[in-house]
Amino acid sequence: MKNVLISTAMLLLSLSIFSCEKPNELTPDGGAISAVDAYQSAPNEATTAMQVGGTTPKRKPPISTSSWKYVHTATVPFLKGLKLTSPFSIVDEHAGDISWGSGFGCYNAINTESMHYANAGIQDVSTLTKEYLDTLKFYIKGGASWAPAGSTFWTNHIPVGTVLVYKTPGGKYILVQVKNTDTLVLDIYHENVHIQY
């Protein structure tokens, strides 16, 4: 019996020593604040963004930049057409995106068949920006014409180095740079979009 009393006393003493409650706080049934209320009323060092329902700080939106990716060099025979997207096939004259044939004047032209086009003149492809291309005047039909050196009646609109800009129905640009006009050789560049965060 003596052991039971000592054990009970030790148990009560242990409970009072190791109690989670602070002695100066009242118990919940005695009108004191609950543990949840105490936590919520304590100073919180977390930022507003870390709390439930908080907003994240303003960040700059991602920036989309374009560069030009070389994709193909094509040799286009006279009175043939060319697809400006993969597989860059040579097709019948009016079946491609562009064609090499008779223009509106006395000489040959790179005619547009399915896209709007603009002539950017002799340019370095790597320096062209979408903002600049947006300022160009695009045509629905026709094409940039060729004329031999010394022609007195017709201007050569596609000397070597000329960049022709084609706009797809989806609004993307395709650049075609003239490499040779004796036999028509063209370098094709597609838009290469990069997202910068």
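The values are calculated or read from the model by the stated rules, or taken from the named source; none is laboratory data. This is a predicted model, so every value here is computed, not measured. Glycine gets a Cβ as well: all are built from the backbone with ideal geometry, and neighbour counts include every protein chain shown. Heavy atoms of the whole protein, side chains included, go into the accessibility calculation; ligands, DNA and RNA do not. Shrake-Rupley method; radii C 1.70, N 1.55, O 1.52, S 1.80 Å.
State the number of residues belonging to the range 103-162 that are open to solvent by less than 70 Å² (accessible area, probe 1.4 Å) and either part of a loop (DSSP other than H, G, I, E, B) or among the aromatic types (Phe, Trp, Tyr) (or both).
Total meeting the criteria: 20.
Could you give every pair whose Cβ atoms fall below 7 Å, whose first residue belongs to the range 148-167 and is within 15 Å of residue 178 (Cα to Cα), and whose second residue is open to solvent by 70 Å² or more (accessible area, probe 1.4 Å) and of a type in the set (Lys, Arg), counting only separations of at least 6 or pairs across chains?
Listed by first residue and then by second, the contacts come to 160/179.
Being under 17 Å from residue 69 (Cβ atoms), part of a strand (DSSP E or B) and β-branched (Val, Ile, Thr) is the filter; apply it to the range 163-187 and report the residue that is farthest from the chain's Cα centre (by Cα).
The residue in question is 163.
Being at pLDDT 90 or above, of a type in the set (S, T, N, Q) and not in a helix (DSSP H, G or I) narrows it down to one of 55, 85, so name that one. Even if it seems obvious, please write down each step before you answer.
Details: 55 fails: at pLDDT 90 or above.
Result of the check over 55, 85: 85.
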